[in-house]
Amino acid sequence: MLILGSGNNIIMVKKISKYLNRYGAKITILTVFLTALYTLFEHFNYNYLLISLIAGWIMYGLSMIVNHRYMSHSVFEAKNKFVLYLMYSWVVLFGSGSPLSWAYSHRLHHIYTDVPPDPQSPKTVGYIKTFFAWPSNSTKFKSKFVRDLIQNKEVMFVHTYYYTFFFSYLILLMIFSPILFGYVCLSISFSYSLLGILNTWAHSGNSIKSIPLPILLFGEENHAYHHTSVAASRVVNTSQWDLQGVIIKNFLAKSDSLSYRKAKLK
Ligand SMILES: [Zn+2]
Ligand SMILES: [Zn+2]
């Protein structure tokens, strides 16, 4: 009976997770942005605001290390299992999105830049969708673009239960402290906004732009260079201000797994 019961529970959790994966991205965006606005109007505090913006900037930087550099472009190999699981926990706690969904969307963006079916360009899906684009977990993935990730059991586990973990965490936070929940939503909204600024600004106009905000974008400002080749998309030290590169080199990567930008920036 116990085994049957636990089996039923697992089936139920899987069904809930599948449902959440279908709507999770939209629910997340609505929840965090509306909660952030409500918190600013009803519980405004300068110190909390400053801390949550700094936290949001760090969340954005660490999320980009995992979902952009590590998952989408295989820029480095994790130093050990502890680092790997730490990075998985970041994508859940910071609401960064499932690594599989994120990498799928972003790899399509690199292959079909600014033409259909690029899902991350104002030229194909418009500015608003590009700004808020948080890849849906219910997409039917063409496996040739993400074969390495689909074959990775850990990535698939995080993907399957992503919104179950993330929403459980948000609910616990809300029960523990509604104000903290509100300011965490503000941090997450700010981290989404930084990515939104990067994706919309860099792909506005006739050619891919670099953006003059290197510190704010945590070293992702040189987007034109990033798109020049597969090799360019896989280097650390994308610029002299590559804060992600500093963290990757010093704390996260096996040093022999790194390739560097040629010329002056080595
Ligand atoms: Zn791009
Ligand atoms: Zn990229």
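If you go through the range 60-91 and keep only what is away from ligand 1 (no atom under 16 Å from the Cβ) and of a type in the set (Lys, Arg), you end up with LYS79, LYS81.
Results for (1) within 13 Å of PRO99 (Cβ to Cβ); (2) touching a Lys or Arg at 6+ places or on another chain (Cβ under 8 Å); (3) crowded, with 16+ Cβ neighbours inside 10 Å, shown as yes or no for each residue.
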site: LYS144; (1), (2), (3): no, no, no
site: LEU149; (1), (2), (3): yes, no, yes
site: GLU154; (1), (2), (3): yes, no, no
site: THR164; (1), (2), (3): no, no, yes
site: LEU170; (1), (2), (3): no, no, yes
site: SER177; (1), (2), (3): no, no, no
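Report, by residue number, each residue of the range 227-257 that is touching a His at 6+ places or on another chain (Cβ under 9 Å), not in a loop (DSSP other than H, G, I, E, B) and not hydroxyl-bearing (Ser, Thr, Tyr). VAL230, ALA232, GLN244, listed by residue number. Considering each residue of the range 40-57 in turn, none proves to be within 20 Å of THR164 (Cα to Cα) and either exposed (fewer than 14 other Cβ atoms within 10 Å of the Cβ) or in contact with a helix residue (DSSP H, G or I) (Cβ under 7 Å, 6 or more places away or on another chain) (or both).
Regarding the range 70-89, can at least one residue be identified that is in contact (Cβ under 8 Å) with a residue 24 or more places away in the chain and touching a Cys at 6+ places or on another chain (Cβ under 6 Å)? Checked against the condition, which is being in contact (Cβ under 8 Å) with a residue 24 or more places away in the chain and touching a Cys at 6+ places or on another chain (Cβ under 6 Å), the range 70-89 yields no hits at all.
Within the range 62-78, the set of residues being at pLDDT 95 or above and part of a loop (DSSP other than H, G, I, E, B) comprises HIS73 only.
In the set (1) away from ligand 1 (no atom under 13 Å from the Cβ); (2) over 22 Å from LYS129 (Cα atoms); (3) over 16 Å from the mean Cα position of the chain (by Cα), GLN244 fails one condition alone, (3). Among the residues of the range 62-69, is any surrounded by fewer than 16 Cβ atoms within 10 Å (Cβ to Cβ) and in contact with a helix residue (DSSP H, G or I) (Cβ under 7 Å, 6 or more places away or on another chain)? So far as the range 62-69 goes, no, none of its residues is surrounded by fewer than 16 Cβ atoms within 10 Å (Cβ to Cβ) and in contact with a helix residue (DSSP H, G or I) (Cβ under 7 Å, 6 or more places away or on another chain). Take the conditions within 16 Å of ligand 2 (Cβ to nearest atom), buried (at least 16 other Cβ atoms within 10 Å of the Cβ) and under 30 Å from PHE251 (Cα atoms) and apply them to TYR88. Does it pass? When the stated conditions are applied, TYR88 does not pass them. Tell me yes or no: at least one residue of the range 108-130 is among the acidic types (Asp, Glu), within 11 Å of ligand 1 (Cβ to nearest atom), modelled with pLDDT under 95 and buried (at least 16 other Cβ atoms within 10 Å of the Cβ). Taking every residue of the range 108-130 in turn, at least one turns out to be among the acidic types (Asp, Glu), within 11 Å of ligand 1 (Cβ to nearest atom), modelled with pLDDT under 95 and buried (at least 16 other Cβ atoms within 10 Å of the Cβ).
The values are calculated or read from the model by the stated rules, or taken from the named source; none is laboratory data. Since the structure is predicted, the reported quantities are computational estimates derived from the model, not experimental observations. Here Cβ is always computed from backbone atoms with ideal geometry, including for glycine, and neighbour counts include all displayed protein chains.
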